[in-house]
Amino acid sequence: MRFSIYLGVSILLMAADQVSKAMVASHVPHHQAFEVTAFFNIVHVLNPGAAFSFLADQQGWQRWFFILLASVISMGLVIFLKNAKTHLQRISFSFVLAGAVGNLCDRLWRGAVVDWIDFHAMGAHFPAFNLADTWISIGFALLMFELLFRPERADVPVKR
């Protein structure tokens with residue numbers, strides 16, 4: 001499959017992330033929760049930090065640090081996507097790229113990432129996250145699967 005198809009997958013996934021965040025931002029008040037089930041809420045949280053709110057309590061410099069970091073990583077992911085050797089590697093990089101760019105857009109436009117998916121059970125809460133975080137996790141999981149369980153496929157070239 002062609003590079004442009006995989007890039008299109010990234011764009012569609014990133015668009016789904018941005019639409020979901022826009023819906024939450026416009027319909028759920030900041031720091032409020034909408035109960036969906038006994039273990040799942042939709043919340044509206046702005047996270048100026050990274051995963052698990054890493055560096056969220058800093059004075060604002062982290063926004064520009066994460067914008068620069070995400071920009072460099074996204075450019076690298078485009079190169080990895082273009083040079084990937086298998087379809088699964090390309091799909092993996094497409095997912096990670098979509099997540100990286102989705103959260104980058106939030107930092108550029110909102111100053112922080114909109115987190116809205118909130119799972120909880122028996123008094124324990126998993127930190128809120130969003131579709132971009134999910135895309136990154138899926139992409140890395142697929143890449144790990146490829147590297148660990150399909151090493152013989154790593155050298156099979158993809159048609160360009």
* Structure fact -> For residue 7, the net charge from surrounding residues (Cβ-Cβ under 11 Å; K, R +1; D, E -1) works out to +3
* Structure fact -> Within the under-14-Å Cβ sphere about residue 116, not counting residue 116, Lys/Arg +1 and Asp/Glu -1 give a net charge of -4
* the stretch 3-153: relative contact order as a whole-number percent, Cα under 8 Å and 6+ apart -> 29
* Ranked packing of 35-41, 93-99, most packed first, by mean Cβ within 10 Å -> 93-99, 35-41
* Determine, for each peptide in 117-126, 132-141, 7-16, 69-78, the mean count of other beta carbons within 10 angstrom over its residues, then list the peptides with the highest first. => 132-141, 7-16, 69-78, 117-126
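Values quoted throughout were computed directly from the atomic coordinates according to the rules given, and no laboratory measurement underlies them. These numbers come from a predicted model, not from an experiment. We place every Cβ from the backbone using ideal geometry, glycine too, and count neighbours over all the protein chains shown.
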